[in-house]
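The values are calculated or read from the model by the stated rules, or taken from the named source; none is laboratory data. Just so we're clear, the structure is a prediction, and the values are computed from it rather than from any experiment. As a convention, Cβ positions derive from the backbone with ideal geometry for all residues, glycine included, and neighbour counts pool all protein chains shown. Heavy atoms of the whole protein, side chains included, go into the accessibility calculation; ligands, DNA and RNA do not. Shrake-Rupley method; radii C 1.70, N 1.55, O 1.52, S 1.80 Å.
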Amino acid sequence: MSESSQAEAIEQAARFLIESRYVMAMTGAGISVESGIPPFRGPGGLWTTYGEPPMNGYQRFLENPKAAWEERINPTGPSAILRETVAAAEPNPGHEALVALEDMDILQFMITQNVDNLHRRAGSRNLAEIHGNSTLTRCIQCASRYPLEETSLDVLPPVCPKCNGMVKIDTVAFGEPIPPDVLAQCQQTTNRCDCMLVIGTSATVFPAAAFPIQVCESGGVLIEVNPYESDITPLCMVSLRGPSGDMLPQLVSAVQSLRGA
Ligand SMILES: [Zn+2]
């Protein structure tokens with residue numbers, strides 16, 4: 001894309017953001033990759049290197065929660081590597097630009113597929129983590145969340161202080177239903193949404209993929225921010241072809257200058 005057509009695309013996207021009533025963003029692995037967190041799939045991906053986690057992970061947890069927890073806190077292996085990588089990562093200018101859009105009252109709500117906590121660390125407030133948050137634990141009975149570092153792991157599985165239910169890591173395992181509170185929040189906000197930024201995700205993993213499709217089918221605008229074309233590209237009114245850490249700060253500037261004009 002030439003520089004001038006890219007500037008036009010950014011300005012067009014900024015206009016959509018300003019003119020829409022309820023703007024949302026959906027983010028995926030791409031925005032975290034820019035913070036040094038490897039994706040799960042593809043070259044250099046965690047699962048490519050260490051093998052995919054079992055497709056029946058949730059079933060296995062329910063059958064033997066102690067063993068699942070021991071695997072989780074094992075100081076070697078993929079869980080440990082993910083933990084260390086996430087702890088060392090910092091939010092990047094893409095995360096910060098989304099906070100700026102929220103502060104400007106442009107961005108109303110965000111759905112992330114990432115479990116790395118980087119959006120919260122950057123300062124995002126109105127956020128649903130549809131695949132959970134790897135720094136939290138969650139009671140599978142009452143859905144209370146607790147910081148992992150404050151969860152006692154002396155006895156496994158940990159027990160919920162509120163209801164005595166079984167506590168697992170908040171990250172949603174394969175085969176585990178999306179926590180109903182999070183799913184309901186995503187659905188309610190998407191029902192109101194007339195413009196969605198789709199950032200760093202090919203939007204192919206359901207149920208997350210259903211949200212941009214719903215926005216599009218109800219006549220809303222999709223804006224893609226992704227260095228690569230993806231399955232969602234044909235549905236998008238504008239595609240900003242570049243890393244989100246580069247594109248989103250430019251989008252914030254474009255919104256500011258249009259508003260100031
Ligand atoms: Zn509980």
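Just need the relative contact order of the chain here, percent rounded to a whole number, with Cα pairs under 8 Å and 6+ apart.
Relative contact order of the chain: 27 percent.
In nanometres, what is the gap between the two model label sites at TYR228 and LEU258, each 7 Å from Cα along Cα-to-Cβ?
Modelled inter-label distance: 2.9 nm.
Determine the order of ARG72, ARG120, ARG259 by accessible area, beginning with the largest, at a probe radius of 1.4 Å. Intermediate results must be reported in sequence, preceding the final value.
On the way: ARG72 65, ARG120 95, ARG259 120 Å².
Largest accessible area first, the residues go ARG259, ARG120, ARG72.
Placing +1 on the Cβ of each Lys and Arg and -1 on the Cβ of each Asp and Glu in the chain, which of GLN185, PRO243, ASN64 has its Cα farthest towards the positive end of the resulting dipole?
Of GLN185, PRO243, ASN64, it is ASN64.
Whats the longest run of the chain with zero chymotrypsin sites (Phe, Trp or Tyr not before Pro) that are DSSP loop and have at most 16 other Cβ atoms within 10 Å?
41-173
Using a 1.4 angstrom probe and counting only protein chains, how large is the accessible area of CYS195 in Å², to 10?
In the full protein context, CYS195 sits at about 0 Å².
According to the Kirkwood expression over distinct Cα-Cα pairs, how big is the hydrodynamic radius of the chain, in Å?
19.2 Å
Take the alpha carbon atoms of segment 190-236, find their center, do the same for segment 82-139, and report the distance between the two centers in whole angstrom.
Their Cα centres are 18 Å away from one another.
Ranked from the most accessible area to the least, with a 1.4 Å probe and all protein chains present, what is the order of MET110, MET55?
MET55, MET110
Looking at the chain, send over the antiparallel percent of its DSSP beta bridges, to the nearest 5. Mind dumping the intermediate values first?
Values: 7 of 28 bridges.
So the antiparallel bridges amount to about 25 percent of the total.
Using a 1.4 Å probe, how large is the accessible area of GLU8, given in Å² and rounded to the nearest 10?
Its accessible surface works out to 130 Å², give or take rounding.
Using protein chains only and a probe of 1.4 angstrom, how many square angstrom of LYS162 are accessible, to the nearest 10?
So the heavy atoms of LYS162 present about 150 Å² to solvent.
Rounded to a whole number, what % of the accessible area of segment 1-131 do carbon and sulfur atoms account for, probe 1.4 Å?
That fraction is 52 percent.
If contacts are Cα pairs under 8 angstrom and at least 6 residues apart, what is the relative contact order of segment 141-261 in percent?
16 percent
Rounded to the nearest 500 deg cm²/dmol, what is the calculated helix-only ellipticity per residue at 222 nm for the chain, with -39500 (n - 2.57) per DSSP H run of length n ≥ 4?
Numbers: 11 runs with 108 residues, N = 261.
Mean residue ellipticity, 222 nm, calculated: -12000 deg cm²/dmol.
FRET efficiency for ALA87 and GLU8, Cβ-Cβ distance as r, R0 = 25 Å, nearest 0.05?
Details: r = 40 Å, r/R0 = 1.61.
Computed FRET efficiency for ALA87 and GLU8: 0.05.
Highest first, please rank the peptides 144-156, 232-244, 92-104 by the mean number of other Cβ atoms sitting within 10 Å of their residues.
Working: 144-156: 13.0, 232-244: 19.0, 92-104: 21.0.
Descending packing order for the listed peptides: 92-104, 232-244, 144-156.
Between the helical axis of 78-88 and the dominant principal axis of the chain, each derived from Cα atoms, what acute angle in degrees is found, rounded to the nearest 10?
The answer is roughly 50 degrees.
Give me the 1.4 Å probe accessible area per residue for the chain, excluding ligands and nucleic acids, in Å².
Spelled out: the 1.4 Å probe surface of the chain, per residue, equals 47 Å².
With a ≥ b ≥ c taken as the square roots of the eigenvalues of the C-alpha gyration tensor of segment 87-149, please select rounded if a/c is under 1.5 and otherwise prolate if a/b is larger than b/c or oblate if it is not? Let's see the in-between values first.
Working: a/c = 2.68, a/b = 1.58, b/c = 1.69.
Verdict is oblate for segment 87-149.
Label GLU71 and LEU153 with points 7 Å out from Cα along Cα→Cβ: what is the distance between them in nm?
Inter-label distance under the simple model: 1.5 nm.
Put ASP246, ASP116, ASP194 in order of accessible area, largest first, 1.4 Å probe: what do you get? Can you show the working numbers first?
Details: ASP246 75, ASP116 10, ASP194 30 Å².
The residues order as ASP246, ASP194, ASP116, largest area first.
Given Cβ point charges of +1 (Lys, Arg) and -1 (Asp, Glu) and nothing else, what value in debye, to the nearest 20, does the dipole of the chain about its Cα centre take?
On the way: 17 positive and 29 negative charges, 117 e Å.
It comes to approximately 560 debye.
Measure off 7 Å from each Cα along the Cα-to-Cβ vector at ARG121 and TYR50, then give the distance between these two points in nanometres to one decimal.
It is 1.7 nm.
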